[in-house]
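Peer 1: Please find one structure pasted underneath; my questions will follow.
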Amino acid sequence: EAEVAQSPRYKITEKSQAVAFWCDPISGHATLYWYRQILGQGPELLVQFQDESVVDDSQLPKDRFSAERLKGVDSTLKIQPAELGDSAMYLCASSLGSGYANTEAFFGQGTRLTVV
Amino acid sequence: DAKTTQPNSMESNEEEPVHLPCNHSTISGTDYIHWYRQLPSQGPEYVIHGLTSNVNNRMASLAIAEDRKSSTLILHRATLRDAAVYYCILRDVSGNTGKLIFGQGTTLQVKP
């Protein structure tokens, strides 16, 4: 069964260091989402791509976070410099297309980031 | 984005039905009602979705009020593996974003 792949599963980094997460969505899925989930809370949408274009990054802290999806397939989320408050689960999801509200989104297992 | 309201937590006994409510009084005509659940230490997984009519699948049933201002996710026989956080989400097709905005969800505990 097709799934969203994320790596690494776990990452420990020191504050002020750079960290990157990678996501490979399900083949053919035009929409890709990055979420951040702090323990005990629901996932918070950081950025949404339609193919290679950003359609929503209103909640992305752009002073330290960046995201790209250069060829409209896999994506990278970067934090530089990392802060203690960035410790969270980072989830990637994909779905067929942003106009397809009648379809489901598929989530990866996430990357657990700990900043020390 | 239209918002949803869910109880913070619910309890159920194993093998009994569970009704998880969701209020969405500001729903628009182009909003689909989606339900996802998240098991501990895993990413959310899709459960079911609908627009106006009640829906059934292998995991659950979705009952949608006639005025669409509320909905109920029904697990017909809860198992211990159904213990999770359940999220009710409105997914908007207008504006062509279709983004999924999560709230706090309902934490379901299933007792043996």
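Peer 1: Which residues, counting only those in segment B:39-56, are within 18 Å of B:Thr72 (Cα to Cα), within 11 Å of chain A (Cβ to nearest Cβ) and free of Cβ contacts under 8 Å to residues at least 40 places away in the same chain?
Peer 2: So the first thing to find is which residues in segment B:39-56 are within 18 Å of B:Thr72 (Cα to Cα), and the list is B:45-56.
Adding the requirement that they be within 11 Å of chain A (Cβ to nearest Cβ) leaves B:45-51.
Result: B:Glu45, B:Tyr46, B:Val47, B:Ile48, B:Gly50, B:Leu51.
Peer 1: Tell me which residues, restricted to segment B:16-62, are modelled with pLDDT of 95 or more and among the charged types (D, E, K, R).
Peer 2: The answer is B:Glu16, B:Arg37, B:Glu45.
Peer 1: Let me ask you something else. Given B:His24, B:His76, B:His34, B:His19, which one is of a type outside the set (A, V, I, L, M, F, W, C), exposed (fewer than 13 other Cβ atoms within 10 Å of the Cβ) and within 13 Å of the chain's Cα centre (by Cα)?
Peer 2: The conditions single out B:His19.
Peer 1: Take A:Leu39 and decide whether it is within 14 Å of chain B (Cβ to nearest Cβ), loosely packed, with under 14 Cβ neighbours inside 10 Å, hydrophobic (A, V, I, L, M, F, W, C) and under 23 Å from B:Tyr87 (Cβ atoms). Please lay out each step first, then the result.
Peer 2: On the way: within 14 Å of chain B (Cβ to nearest Cβ): yes; loosely packed, with under 14 Cβ neighbours inside 10 Å: yes; hydrophobic (A, V, I, L, M, F, W, C): yes; under 23 Å from B:Tyr87 (Cβ atoms): yes.
In short, yes.
Peer 1: Please find, among A:Asp86, A:Asp74, A:Asp56, A:Asp63, the residue that is at the interface with chain B (Cβ under 9 Å from one of its Cβ atoms) and not polar (S, T, N, Q).
Peer 2: Details: A:Asp86 fails: at the interface with chain B (Cβ under 9 Å from one of its Cβ atoms); A:Asp74 fails: at the interface with chain B (Cβ under 9 Å from one of its Cβ atoms); A:Asp63 fails: at the interface with chain B (Cβ under 9 Å from one of its Cβ atoms).
Testing whether each residue is at the interface with chain B (Cβ under 9 Å from one of its Cβ atoms) and not polar (S, T, N, Q) leaves just A:Asp56.
Peer 1: Additional query: In the set A:Arg64, A:Arg36, which member is more than 22 Å from A:Thr103 (Cβ to Cβ) and within 13 Å of the chain's Cα centre (by Cα)? Break it down into steps so the answer makes sense when it comes.
Peer 2: On the way: A:Arg64 fails: within 13 Å of the chain's Cα centre (by Cα).
So the residue among A:Arg64, A:Arg36 that is more than 22 Å from A:Thr103 (Cβ to Cβ) and within 13 Å of the chain's Cα centre (by Cα) is A:Arg36.
The values are calculated or read from the model by the stated rules, or taken from the named source; none is laboratory data. Every value quoted in this text rests on a predicted model; they were computed, and no experiment measured them. Note: ideal-geometry Cβ built from the backbone for every residue, glycine included; neighbour counts use all protein chains shown.
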